[in-house]
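One structure below.
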Amino acid sequence: MANIFDLFEQIKARSAESSAAGKATWIVAGLGNPGAQYEKTRHNIGFRTIDELARRTNTRVDRLRFKALTAECTIGDTRVLLLKPQTFMNASGEAIREAMDWYKLDTAHLLVIYDDISLVPGRLRIRQTGSAGGHNGIKSIIQHSPDSNFPRIKVGVGSPPHPDYDLADWVLGTFSEEDNRAVEDAIKRAADAVDVILHESPVKAAERFNSSLPPTP
């Protein structure tokens, strides 16, 4: 007959196996800045897309872990960690690296969603890999990761109206009513693209979503 210590060890082992079986196999991170004053800014497209994924999966992204607000959910048959770094944009990589280390995931299982000023509002661009392209959030992630080979969804927010416009003021500004309608549609399509990336591939998602624009009003 097993003694009480053996029973405790068996229970502990079964609990660990159960936890591992239900562990997230993907991290889906949306970039942005914490705080109500930033909620509707161009730089917070990533946060807004995570909120859309949370709405679809009936999840609340409100658990503070890894210097981020997080939630585990299931998209299709894939267990996912939704993540919104609370480090401010320029240090996004700190939060994402902590989550990657804890879940023991490599960059192939990290999907990042963020704003792109080179795309018109409403346009998506999906890539398997790439450089930071001047985006400080992506630059931080690359600095804290072993490589830049992580898929990403770029959501167009439009470029400043003239070359002398301060870029920080632009990305921390809000959308016009017309542009916001296009962006809201893009957020829904970006959430659709997440499902395709997880269950098919970034290439398939790019084929389906890169050339699409929101319907003309």
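Go through the range 62-73 and report how many residues are open to solvent by 20 Å² or more (accessible area, probe 1.4 Å) and either under 12 Å from the mean Cα position of the chain (by Cα) or more than 20 Å from Pro151 (Cα to Cα) (or both). Reasoning before the result, please.
Here is the first cut: in the range 62-73, the ones open to solvent by 20 Å² or more (accessible area, probe 1.4 Å) are 62-67, 69, 72.
Those left that are additionally either under 12 Å from the mean Cα position of the chain (by Cα) or more than 20 Å from Pro151 (Cα to Cα) (or both): 62-67, 69.
Adding up the residues that qualify gives 7.
In the list Gly30, Gly76, which residue meets the criterion of being over 15 Å from the mean Cα position of the chain (by Cα) and of a type in the set (Gly, Ala, Ser)? Even if it seems obvious, please write down each step before you answer.
Numbers: Gly30 fails: over 15 Å from the mean Cα position of the chain (by Cα).
Residue meeting the stated conditions: Gly76.
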Residues being in contact (Cβ under 8 Å) with a residue 40 or more places away in the chain and not in a strand (DSSP E or B) - total across the range 96-119: 12
Please determine, by comparing only the residues of the range 38-47 that are farther than 15 Å from Ile96 by Cα and touching a Leu at 6+ places or on another chain (Cβ under 9 Å), which one is most open to solvent (accessible area, probe 1.4 Å). Tyr38
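Output the residue which, of all residues in the range 163-179 that are part of a loop (DSSP other than H, G, I, E, B) and farther than 19 Å from Gly46 by Cα, is modelled with the highest pLDDT.
In the first step, residues of the range 163-179 are kept if they are part of a loop (DSSP other than H, G, I, E, B); the result is 163-166, 172-173, 175-176.
So of that shortlist, the ones also farther than 19 Å from Gly46 by Cα come out as 163-166.
Numbers: Pro163: 82, Asp164: 80, Tyr165: 86, Asp166: 83.
Ranking the candidates gives Tyr165 first.
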Of the residues in the range 101-144, those that are of a type in the set (Ser, Thr, Tyr), open to solvent by 20 Å² or more (accessible area, probe 1.4 Å) and in contact with a strand residue (DSSP E or B) (Cβ under 9 Å, 6 or more places away or on another chain) come to Ser118, Thr129
Selection count where residues are touching a residue at least 60 places away in the same chain (Cβ under 8 Å) and farther than 20 Å from Val80 by Cβ, scope the range 181-202: 4
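Against the condition touching an Asp or Glu at 6+ places or on another chain (Cβ under 9 Å), of a type in the set (Val, Ile, Thr), within 19 Å of Ala193 (Cβ to Cβ) and assigned to a loop (DSSP other than H, G, I, E, B), how does Val80 come out, does it pass? Steps first, please.
Details: touching an Asp or Glu at 6+ places or on another chain (Cβ under 9 Å): yes; of a type in the set (Val, Ile, Thr): yes; within 19 Å of Ala193 (Cβ to Cβ): yes; assigned to a loop (DSSP other than H, G, I, E, B): no.
Against the criterion (touching an Asp or Glu at 6+ places or on another chain (Cβ under 9 Å), of a type in the set (Val, Ile, Thr), within 19 Å of Ala193 (Cβ to Cβ) and assigned to a loop (DSSP other than H, G, I, E, B)), Val80 does not qualify.
For the range 74-85, which positions are open to solvent by 20 Å² or more (accessible area, probe 1.4 Å) and not basic (Lys, Arg)?
In the first step, residues of the range 74-85 are kept if they are open to solvent by 20 Å² or more (accessible area, probe 1.4 Å); the result is 74, 76-77, 79, 84.
Once the filter is applied, which keeps residues that are open to solvent by 20 Å² or more (accessible area, probe 1.4 Å) and not basic (Lys, Arg), the range 74-85 yields Thr74, Gly76, Asp77.
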With without any contact (Cβ under 8 Å) to a residue 40 or more places away in the chain, touching a strand residue (DSSP E or B) at 6+ places or on another chain (Cβ under 8 Å) and among the polar types (S, T, N, Q) as the only criterion, which of Thr74, Thr78 stands out? Thr74
List pairs: first residue in the range 139-162 and assigned to a strand (DSSP E or B) and among the β-branched types (Val, Ile, Thr), second residue open to solvent by 50 Å² or more (accessible area, probe 1.4 Å) and at pLDDT 90 or above anywhere in the structure, Cβ distance under 9 angstrom, at least six positions apart or on different chains. Ile153/Arg125; Ile153/Arg127; Val155/Arg123; Val155/Arg125
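Sort through Ala13, Ala29 and tell me the only one that's at pLDDT below 95 and either part of a loop (DSSP other than H, G, I, E, B) or open to solvent by less than 70 Å² (accessible area, probe 1.4 Å) (or both). Steps first, please.
On the way: Ala29 fails: at pLDDT below 95.
The unique qualifying residue is Ala13.
The values are calculated or read from the model by the stated rules, or taken from the named source; none is laboratory data. This one's a predicted model, so the numbers in the text were calculated from it and none came from an experiment. Cβ sites come from the backbone with ideal geometry, for glycine too, and all protein chains shown count toward neighbours. With ligands, DNA and RNA removed, areas are computed over all heavy atoms of the protein, side chains included. Shrake-Rupley method; radii C 1.70, N 1.55, O 1.52, S 1.80 Å.
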